[in-house]
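The values are calculated or read from the model by the stated rules, or taken from the named source; none is laboratory data. This is a predicted model, so every value here is computed, not measured. Every residue, glycine as well, gets a Cβ built from its backbone with ideal geometry; the counts of neighbours run over all protein chains shown.
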Amino acid sequence: MHHFDEPVYMISIVAKILDIHPQTLRQYERENLITPSRSDGRIRLYSQRDIEKIKMILRLTREVGVNLAGVDVVIRLKDKMEAMEQELIELRAEIARMRSSSTVPAEKSLVTKRSIYEMVIFDDDILK
């Protein structure tokens with residue numbers, strides 16, 4: 001069994017698995033929707049993750065009617081949402097760690113300082 005991100009499938013295999021023409025995969029690559037790995041001999045190699053992404057592209061174009069520019073927008077938004085979800089998970093974990101510990105690390109503490117402002121009032125006669 002191969003790792004999800006391991007590039008092992010050649011373009012002809014992916015085209016056969018997904019029942020699409022290899023030119024379709026090349027077009028997706030030209031549009032920067034997918035970026036397959038390359039072997040030393042410059043042969044395109046796709047991972048299972050790439051195949052899942054291509055399946056999503058096919059669903060969006062065939063079933064929903066989204067054009068390739070729209071697919072690009074959807075992919076970018078999906079990637080941003082996943083990054084934000086991961087950041088949220090990390091922040092919640094950090095909050096939980098801080099609540100469970102008795103002290104807050106110095107770099108995370110908030111210190112407020114009071115400032116004293118002095119007011120100087122000039123007499124109009126002195127300014128003339």
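Taken together, the residues in the stretch 37-58 that are exposed (fewer than 14 other Cβ atoms within 10 Å of the Cβ) and within 15 Å of ILE17 (Cα to Cα) amount to 2. Note on the stretch 3-25: residues that are surrounded by 13 or more Cβ atoms within 10 Å (Cβ to Cβ) and assigned to a helix (DSSP H, G or I) amount to 9. Exactly one residue out of ARG30, ARG42 is within 22 Å of LEU68 (Cβ to Cβ) and among the charged types (D, E, K, R), and it is ARG30. Would you check if there is a residue in the stretch 8-22 being without any contact (Cβ under 8 Å) to a residue 40 or more places away in the chain and closer than 23 Å to ASP79 by Cα? No: the stretch 8-22 contains no residue that is without any contact (Cβ under 8 Å) to a residue 40 or more places away in the chain and closer than 23 Å to ASP79 by Cα. If you go through the stretch 26-36 and keep only what is surrounded by fewer than 15 Cβ atoms within 10 Å (Cβ to Cβ), outside any helix (DSSP H, G or I) and at negative phi, you end up with GLU31, THR35. Among the criteria (1) among the β-branched types (Val, Ile, Thr); (2) over 23 Å from ASP5 (Cα atoms); (3) in a helix (DSSP H, G or I); (4) modelled with pLDDT of 95 or more, the one VAL66 does not fulfil is (3).
Looking only at residues that are charged (D, E, K, R) and surrounded by 12 or more Cβ atoms within 10 Å (Cβ to Cβ) in the stretch 59-95, which one is farthest from ASN32 (Cα to Cα)? Across the stretch 59-95, the extreme among qualifying residues is ARG59.
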